[in-house]
Amino acid sequence: VVGKFITMIGADRVTGLALEGNTLMYSDQAFSIVKKTLSTDATSTRNGKVDRRFIPQSMFAFLSSLVKIKNPVNVTYSDDDSLVYVNEPDMNFEALLSMPLVVCEYPDDATLASICPDPKDEFRFDIDIPTFLTKMSTFDGVFPSSTWRWKSVDFSIGSADSVASLAHSNFNAEVDTDLPVTNPAITSSKPNLSFKIATIILYDYLNKLASGNQTVNVEVGAGEPDEEHGAGIKFTLPGLSIVMSKMLKEEEV
């Protein structure tokens, strides 16, 4: 999933993902920050501290193919992280890989908090994941991919509404559909909220990483994208946290 977005976003922003204990972390410094809990520890502990290890996109296909044959696979890093040794004794398989420079700067807690919505000034609600995925299909084939790269959609909701509006338009067409929301908890004084989001990214995360969960909790700050607590939209479900950034007008194409 993240390999696709790394290719779209560019290697100057992100080139891989990080593993720390039972947690997978990804941040592309542009559209999304993801933390996913794994079913078991992926990295070891040394001197009482859990290792954080990086996997570059250049190794995604190799490791993905290997674990389809034998899972799990032992991956060992050199002390300076310049080399990766992959070992599978049952297959009599060994590989020594050169580790490229990895750009994967997951934000610290303070930075992430400043991006995420302020609980005292936000719109919070739940959406049904299958319904959201179905609603997104109404936009398919209407707009050419050359002018709708990120599948940006305008999301609007009022403080008293039980539905949100999803819309996108260009010079030739317009699509507008409603998305039901449940369990609203509005702490903002604003009567309504509008923002733009890259649905191509959110669709894949919810479609492929939701692990069977039907509902996702959404938190959106009432501030502008350039304000503290105004840039991030937080999506939370068991074992998975996704922070998407609100898009600016010039980021549509």
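Modelled label-to-label distance, Asn92 and Asn71, 7 Å Cα→beta-carbon offset: nm? Label-label distance for Asn92 and Asn71, simple model: 2.6 nm.
Springs between Cα atoms under 10 Å define the GNM used for the chain, and in it the highest mean-square fluctuation of Ala198, Ala95, Ala167 occurs at Ala95.
Between Asn172 and Arg46, the modelled labels are 5.6 nm apart [label points 7 Å from Cα along Cα→Cβ].
With a 10 Å cut-off between alpha carbons and a GNM built on the chain, which of Lys68, Lys196, Lys36 moves the most? Per the Cα network of the chain with a 10 Å cutoff, Lys68 tops the list. Stretched out straight at 0.36 nm per residue, the stretch from Leu248 to Ala185 would grow longer than its current Cα-Cα span by 20.1 nm.
Any idea what angle helix 60-69 forms with the longest principal axis of the chain, computed on alpha-carbon atoms, 0 to 90 degrees, nearest 10? Helix 60-69 sits roughly 70 degrees off the main axis of the chain.
Helix-only arithmetic for the chain: the sum of -39500 (n - 2.57) across DSSP H runs with n ≥ 4, divided by the residue total, places the mean residue ellipticity at 222 nm at -5000 deg cm²/dmol.
Would you work out the charge dipole size for the chain about its Cα centre, treating the Cβ of every Lys and Arg as +1 and the Cβ of every Asp and Glu as -1, and quote it to the nearest 20 debye?
Values: 21 positive and 34 negative charges, 112 e Å.
Roughly 540 debye for the chain.
Seen against the Cα atoms of the chain and their longest principal axis, helix 199-209 is set at about 50 degrees. Residue order by solvent-accessible surface for Arg53, Arg13, Arg124, Arg46 is Arg46, Arg13, Arg124, Arg53, largest first, with ligands and nucleic acids left out and a 1.4 Å probe.
Using only alpha carbon pairs under 8 Å that are at least six residues apart, calculate the relative contact order of the chain and give it in whole percent.
Values: 491 pairs, mean separation 51.0, N = 253.
In percent, rounded to a whole number, it is 20.
May I ask which residue of Leu166, Ser78, Ser152 lies farthest towards the positive end of the charge dipole of the chain, with charges of +1 (Lys, Arg) and -1 (Asp, Glu) on Cβ and the Cα centre as origin? It is Ser78.
Placing a pseudo-label 7 Å from each Cα along the Cα-to-Cβ vector at Ala61 and Thr131 gives an inter-label distance of 4.1 nm.
In region 105-167, the portion of solvent-accessible area held by carbon and sulfur atoms comes to 52 percent [1.4 Å probe, whole percent, DNA, RNA and ligands not counted]. Recomputing Cα extents along the principal axes in Å from the coordinates shown identifies the correct label among [x] 49, 38, 34; [y] 68, 35, 29; [z] 61, 41, 33 as [z].
Shown are Met99, Met91, whose ranking by accessible area with a 1.4 Å probe and every protein chain present, most to least, is Met91, Met99. Accessible area per residue for the chain is 52 Å², calculated with a 1.4 Å probe on protein heavy atoms, without ligands, DNA or RNA. Considering only Tyr205, Tyr77, Tyr106, the mean-square fluctuation computed in a Gaussian network model of the chain, springs between alpha carbons under 10 angstrom, is largest for Tyr77. In the complete set of protein chains, residue-level accessible area for Val175 is approximately 20 Å², probe 1.4 angstrom.
The values are calculated or read from the model by the stated rules, or taken from the named source; none is laboratory data. All of these numbers come straight from a predicted model, not from anything done at the bench. All Cβ positions, glycine included, derive from the backbone under ideal geometry; neighbour counts span all protein chains shown. Surface areas here come from the heavy atoms of the whole protein model, side chains and all, with no ligands, DNA or RNA. Shrake-Rupley method; radii C 1.70, N 1.55, O 1.52, S 1.80 Å.
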